[in-house]
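The values are calculated or read from the model by the stated rules, or taken from the named source; none is laboratory data. Please read these numbers as outputs of a predicted model, since none were measured by experiment. Heads up, the Cβs are rebuilt from the backbone with ideal geometry, glycines too, and the neighbour counts pull from every protein chain shown. Surface accessibility is based on the protein's heavy atoms, side chains included, excluding ligands, DNA and RNA. Shrake-Rupley method; radii C 1.70, N 1.55, O 1.52, S 1.80 Å.
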Amino acid sequence: MKILSQRMIALPQAAKIVEEVKEKYGLSQLQEKVLDYLKKFSKIDEEKAVELLEKLTKKYGVSEFSAVQIVNIMPRTVDELRAILAKETTKVFLPEDLEKMLSTINEYR
């Protein structure tokens, strides 16, 4: 098997991929447990996740890594959001930017 490309994906996106594999080929016991985990911890559906990832990266300039973490965690407060964005090295977010971002996140909740 050869890896053609790599990119980060959120839990809902991974769940969709595993579901597609399940439909085509079936899943082993371990893969079923992975799918259960993905479903249990996905906070939004795959379509909303893709839209939110795009908004976070394009509108707010959040890195792909942080955007994926935000979609996976779906923070409820500015402090939670700030903790996720603490690893950002290319951009500093003002409190009003964080409030706007949190408002956008809440639209997808």
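Counting pairwise Cα distances across the chain, what percent come out greater than 24 angstrom? Show your work: numbers first, answer last.
Numbers: 1800 of 5886 pairs.
Result for the distance tail: 31 percent.
Tell me, what is the FRET efficiency for LYS33 and MET1 to the nearest 0.05, using R0 = 35 angstrom and their Cβ-Cβ distance as r?
Numbers: r = 22 Å, r/R0 = 0.63.
Working from the Cβ atoms, E equals 0.95.
Along the charge dipole of the chain, which of MET101, LEU35, LEU53 sits closest to the positive end, that is, farthest toward it, with unit charges on the beta carbon of Lys, Arg, Asp and Glu (+1, +1, -1, -1)?
Most positive-ward Cα: LEU35.
If you place +1 on the Cβ of every Lys and Arg, -1 on the Cβ of every Asp and Glu, and leave all else neutral, what size is the dipole of the chain about its Cα centre, to the nearest 20 Debye? Don't skip to the answer; put the middle values down first.
On the way: 19 positive and 18 negative charges, 49 e Å.
The dipole magnitude comes to about 240 debye.
Would you kindly find the accessible area of TYR60, with a 1.4 Å probe and non-protein molecules such as ligands, DNA and RNA excluded, rounding to the nearest 10 Å²?
We get 20 Å² for TYR60.
Per residue, what accessible area does the chain have, given a 1.4 Å probe and all protein chains present, in Å²? Show your work: numbers first, answer last.
Details: 7590 Å² over 109 residues.
Computed with neighbouring chains in place, this is 70 Å² per residue.
Within the chain, what whole-number % of the accessible surface is contributed by carbon and sulfur, with the 1.4 Å probe and all protein chains included in the calculation? List each step's numbers first, then the result.
Working: 4060 of 7590 Å².
Here carbon and sulfur together make up 53 percent of the probe-accessible area.
Can you sort VAL21, VAL92 by 1.4 Å-probe accessible area, starting with the largest? Present the calculation step by step, with values, prior to reporting the outcome.
Numbers: VAL21 55, VAL92 125 Å².
Ranking VAL21, VAL92 by accessible area, largest first, yields VAL92, VAL21.
Can you list which of the trypsin sites (Lys or Arg not before Pro) found in the stretch 48-101 are DSSP loop residues with at most 10 other C-beta atoms within 10 Å? Each step should come with its number before you reach the end.
Details: sites: LYS48, LYS55, LYS58, LYS59, ARG76, ARG82, LYS87, LYS91, LYS100; in loops: LYS59, ARG76, LYS87, LYS91.
In loop regions of the stretch 48-101 (DSSP not H, G, I, E or B), the sparsely surrounded trypsin sites (Lys or Arg not before Pro) are LYS87.
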